[in-house]
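Step one of this worksheet: look at the structure below.
The values are calculated or read from the model by the stated rules, or taken from the named source; none is laboratory data. Every value quoted in this text rests on a predicted model; they were computed, and no experiment measured them. Note: ideal-geometry Cβ built from the backbone for every residue, glycine included; neighbour counts use all protein chains shown.
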Amino acid sequence: KLLKAGLFSMEAVCAALATPAGPEDRLPAGVPRCRANVLLAEVEEKCLGQDSCDRLQEQLRLRMSRIQVEIRSGSAITVTAPHNIFLARDDHSHHMQEDYTSAIAAQMAARLDASYITWSRFERHRVEGRWNELRRACGQGEPDLDNRDPNFLKEGELEQSPWYRALAEARRSEGPALLIDIHGCRNPPKYDAHMIIGLGAMDQVGKGAAEVFRDALEFELKLPMGGIRTLPAAPQMFSCRETVLTGAWPSSTGRLTGSQQAIRLGYSHAMQVELSRALRELFERDKALCAEVALAFYRAWKSSLVGL
């Protein structure tokens, strides 16, 4: 009935719900006096009640939001997946979508009762549709240039970034806090491990805490990761000591990764977790294993806090 009333897009419905009816507009008693109900009445459709208006506005807000932010009150942990859509990078080739990362981040956040930030389902579908349409028409997909890569932000644009603001909102609790930033990388032999954990943002502010965290991660991950036998051969299953995919841009670039932004916001610990495609596919199938790895991250973080 909204289409019959001439409301052909979510933006149009939102605007009609938010716009008050004029004093001359005649509406049934007891219904919200908004432009949406005026248009419905004009085409002799039943007007929306207050509950219907409220539910519709909330559904539209969630669907139209470019990022999905779920804040867990009192949680000191935030899990993010910034690359689950195609993204543009200034003066660089486009950043490809990293499949399964948002689902893995959501699973880990649920297991740890952590806050969670990613691009919304609505935005993923919108960007994928745009990419595929351009690829069919022009032979090459293009991302939406308005979607700034959260892992490649300039210092001067942080305050305007919804991702940075969401990270700040998630950092509500006092004391130590942990960021788990989930990414995807290519399978070995491109890299020497199926999981590469970058603590470069912590290294930049002092080696001590980062080294303690590395040691704890190596200890805790041996059990869940050491038992995996179904992945392609690699020199090691996981590594916390690679010199690539470290989770930190050099200060000379003027760029900040999500981990560097978290440290700037007062998170005590920040880890960029790169997962090979084979490992991402395994985590997608084996949710219990994904949860065990999340718990290993948590135990390593908690044990590394002793004495700090």
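Do we have any residue at all in segment 217-226 that's in contact (Cβ under 8 Å) with a residue 12 or more places away in the chain, of a type in the set (D, E, K, R) and touching a Phe, Trp or Tyr at 6+ places or on another chain (Cβ under 9 Å)? Even if it seems obvious, please write down each step before you answer.
First, the residues of segment 217-226 that are in contact (Cβ under 8 Å) with a residue 12 or more places away in the chain: 217-221, 223-225.
Cutting the leftovers down to of a type in the set (D, E, K, R) gives us 218, 220.
Those still in the list that are touching a Phe, Trp or Tyr at 6+ places or on another chain (Cβ under 9 Å) too: 218, 220.
Yes, segment 217-226 contains a residue that is in contact (Cβ under 8 Å) with a residue 12 or more places away in the chain, of a type in the set (D, E, K, R) and touching a Phe, Trp or Tyr at 6+ places or on another chain (Cβ under 9 Å).
Residues of segment 118-146 that are within 12 Å of Ser65 (Cα to Cα) and either outside any helix (DSSP H, G or I) or hydroxyl-bearing (Ser, Thr, Tyr) (or both): Thr118, Trp119, Ser120. Just to be sure, is Thr257 closer than 18 Å to Glu155 by Cβ, touching an Asp or Glu at 6+ places or on another chain (Cβ under 8 Å), among the hydroxyl-bearing types (Ser, Thr, Tyr) and in contact (Cβ under 8 Å) with a residue 24 or more places away in the chain? Against the criterion (closer than 18 Å to Glu155 by Cβ, touching an Asp or Glu at 6+ places or on another chain (Cβ under 8 Å), among the hydroxyl-bearing types (Ser, Thr, Tyr) and in contact (Cβ under 8 Å) with a residue 24 or more places away in the chain), Thr257 qualifies. Annotation note: Cβ proximity below 8 Å between a residue of segment 228-253 that is within 15 Å of Asn187 (Cα to Cα) and a residue that is exposed (fewer than 11 other Cβ atoms within 10 Å of the Cβ) (sequence gap 6+ or interchain) occurs for Ala234/Pro189; Met237/Gly226. Taking Glu274, is it within 19 Å of the chain's Cα centre (by Cα), in contact (Cβ under 8 Å) with a residue 12 or more places away in the chain and surrounded by fewer than 23 Cβ atoms within 10 Å (Cβ to Cβ)? No; evaluated as a whole, the condition is false for this residue. The criterion of at least 1 residues that are modelled with pLDDT under 95, of a type in the set (S, T, N, Q) and surrounded by 13 or more Cβ atoms within 10 Å (Cβ to Cβ) is met, among helices (runs of 4 or more DSSP H) falling completely within segment 1-110, by 50-64. Note on segment 211-269: residues that are of a type in the set (Lys, Arg) and either within 23 Å of Thr80 (Cα to Cα) or surrounded by 14 or more Cβ atoms within 10 Å (Cβ to Cβ) (or both) amount to 4. Given the conditions (1) in contact (Cβ under 8 Å) with a residue 60 or more places away in the chain; (2) over 14 Å from the mean Cα position of the chain (by Cα), and given that Glu98 satisfies all but one, which numbered condition is not satisfied? Going through the list (1) in contact (Cβ under 8 Å) with a residue 60 or more places away in the chain; (2) over 14 Å from the mean Cα position of the chain (by Cα), Glu98 breaks only (2).
Considering (1) aliphatic (A, V, I, L, M); (2) within 27 Å of Leu153 (Cβ to Cβ); (3) in contact with a Pro (Cβ under 9 Å, 6 or more places away or on another chain), the lone condition that Ala234 does not fulfil carries the number (2).
Scanning segment 199-222 for residues that are under 15 Å from Val273 (Cβ atoms) and in a loop (DSSP other than H, G, I, E, B) turns up just one, Leu199.
What's the total number of residues in segment 176-213 that are among the charged types (D, E, K, R) and touching a strand residue (DSSP E or B) at 6+ places or on another chain (Cβ under 8 Å)? Can you show your working first?
First, pick out the residues of segment 176-213 that are among the charged types (D, E, K, R): 181, 186, 190, 192, 203, 207, 211.
Remaining after also requiring touching a strand residue (DSSP E or B) at 6+ places or on another chain (Cβ under 8 Å): 181, 186, 192.
Summing the residues that are among the charged types (D, E, K, R) and touching a strand residue (DSSP E or B) at 6+ places or on another chain (Cβ under 8 Å) in segment 176-213 gives 3.
Taken over segment 163-198, the criterion of being of a type in the set (Ser, Thr, Tyr), in a loop (DSSP other than H, G, I, E, B) and at pLDDT below 95 is satisfied by Ser173 alone. Checking Ile77, Ile67 one by one, the residue that is farther than 21 Å from Val127 by Cα, touching a Phe, Trp or Tyr at 6+ places or on another chain (Cβ under 8 Å) and either free of Cβ contacts under 8 Å to residues at least 60 places away in the same chain or not charged (D, E, K, R) (or both) is Ile77 and no other.
Within segment 64-95, the residues that satisfy the criterion of being more than 8 Å from the chain's Cα centre (by Cα) and among the polar types (S, T, N, Q) are Ser65, Ser73, Ser75, Thr78, Ser93. Taking the listed residues Gly156, Gly129, Gly141, the one that is within 30 Å of Phe8 (Cβ to Cβ), surrounded by fewer than 17 Cβ atoms within 10 Å (Cβ to Cβ), over 11 Å from the mean Cα position of the chain (by Cα) and modelled with pLDDT under 95 is Gly129, with no other qualifying.
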